[in-house]
1. With the structure loaded, tell me whether Thr186 is at pLDDT 95 or above and assigned to a helix (DSSP H, G or I) or whether it fails that test.
2. Which condition breaks for Val249 when tested against (1) surrounded by 14 or more Cβ atoms within 10 Å (Cβ to Cβ); (2) more than 20 Å from the chain's Cα centre (by Cα); (3) assigned to a helix (DSSP H, G or I); (4) aliphatic (A, V, I, L, M)?
3. Yes or no: Val127 among the β-branched types (Val, Ile, Thr), under 18 Å from Gly199 (Cα atoms) and crowded, with 20+ Cβ neighbours inside 10 Å?
4. Give the residue, chosen from Leu216, Leu225, that is assigned to a strand (DSSP E or B) and either within 24 Å of the chain's Cα centre (by Cα) or at pLDDT below 95 (or both).
5. For the subset of the range 201-211 comprising residues that are at pLDDT 95 or above and surrounded by 15 or more Cβ atoms within 10 Å (Cβ to Cβ), which member is farthest from Trp37 (Cα to Cα)?
6. So, in the range 243-269, how many residues would count as being out of contact with any Leu (no Cβ under 9 Å at 6 or more places or on another chain) and either under 20 Å from Arg4 (Cβ atoms) or assigned by TED's automatic domain parsing to the domain that holds Met114 (or both)?
7. Restricting to the range 44-61, count the residues that are within 18 Å of Asn192 (Cα to Cα) and within 10 Å of the chain's Cα centre (by Cα).
Amino acid sequence: MFIRLFFEEMLFSPKWYHWPIIILLFPLSLLYGVSMWIRRKCIKKNEYTLPIVSVGNLIVGGTGKTPFVIALVSRFDNVVVISRGYGRKSKGLVEVSYQGKILTDVNKSGDEAMLMALSLPKASVIVSEDRTLAITRAKELGATLIVLDDGFNRVDIKKYEILLEPPKIENYLTFPAGPLREFYFTRNNAENRVKENEGFSREVKIENPTTRMILLTAISNPKRLDEYLPPSVIKKIYYEDHAYFDEEVLKQYLKTYNATSILCTSKDRVKMKGFDIPISEMKLKFIIDDAIIAQIKAYIEQGTHR
């Protein structure tokens, strides 16, 4: 746990004691960044006969892609969301939902894809490592719009790019010395760059709050939740991103810390289905500016993807 938090802090908010490691890793970061730049320049973009909107980010870890996708897709009809399905215990193409009907479980879908499926009663969700195969299936399902979750690095697909940017970046190096997946200037490839209060706003509320809560979460960079936590959180327990939970272990946490509930994100909650424990849920909702929606509608109507 200490090692994980040390390196997450190095990526997102480095201190003086991180810099010897950053300097040591810099040649690898430069090599990685150059290879990604060459990849972006050389790979041919495949065009498809229907509009594709990508929601992605430039940094490793979370910037709110899942709640943004949910907010975006809820504004359109007949959408298929395509995700890689990070953390799932399956391979290949899996149809998670069809027009709101859940077709599999969270083990096969992954937590983010299941959350999207449960949150989008009018849309369909597919997970697949092969996005091209998933696009073909989405067309067979009659989609009129495809939304790629975490698609900024899919440079082989012609699409409308929405890039979610964090409120601030303190380390501008590429991975592994920094948090960037590509050089910072590649952000200019996106048609639309948005960040909180510049394209969307967020609402956070805690459902079923109790007097002594344990924050338990399996998300990247969990410290970003701190600003939303009430004083009634008495303990924080962090798991690896996308990790699954054991009900008996959670019961033991409640007993050990004399807690009244487990506080988790909606992404964590989908992996606690059927757990007989008191759960408080941190619900996050994005409100996307109407101007962003209008721009996407204009892209769809232009038909330049045809």
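1. When the stated conditions are applied, Thr186 passes them.
2. Going through (1) surrounded by 14 or more Cβ atoms within 10 Å (Cβ to Cβ); (2) more than 20 Å from the chain's Cα centre (by Cα); (3) assigned to a helix (DSSP H, G or I); (4) aliphatic (A, V, I, L, M) one by one, Val249 breaks only (1).
3. no
4. Every option except Leu216 fails the conditions.
5. Among those residues, the one meeting the criterion is Thr210.
6. 4
7. Number of matching residues: 3.
Listed here are the residues, each with its yes/no results for (1) modelled with pLDDT of 95 or more; (2) within 25 Å of Tyr244 (Cα to Cα); (3) not assigned by TED's automatic domain parsing to the domain that holds Asp241.
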{"residue": "Gly61", "(1), (2), (3)": "no, yes, yes"}
{"residue": "Gly64", "(1), (2), (3)": "no, yes, yes"}
{"residue": "Phe76", "(1), (2), (3)": "yes, no, yes"}
{"residue": "Lys89", "(1), (2), (3)": "no, yes, yes"}
{"residue": "Val106", "(1), (2), (3)": "yes, yes, yes"}
{"residue": "Leu118", "(1), (2), (3)": "yes, yes, yes"}
{"residue": "Ile135", "(1), (2), (3)": "yes, no, yes"}
{"residue": "Ala138", "(1), (2), (3)": "yes, no, yes"}
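The values are calculated or read from the model by the stated rules, or taken from the named source; none is laboratory data. For clarity, every value in this text was computed on a predicted model and none was experimentally measured. Cβ sites come from the backbone with ideal geometry, for glycine too, and all protein chains shown count toward neighbours.
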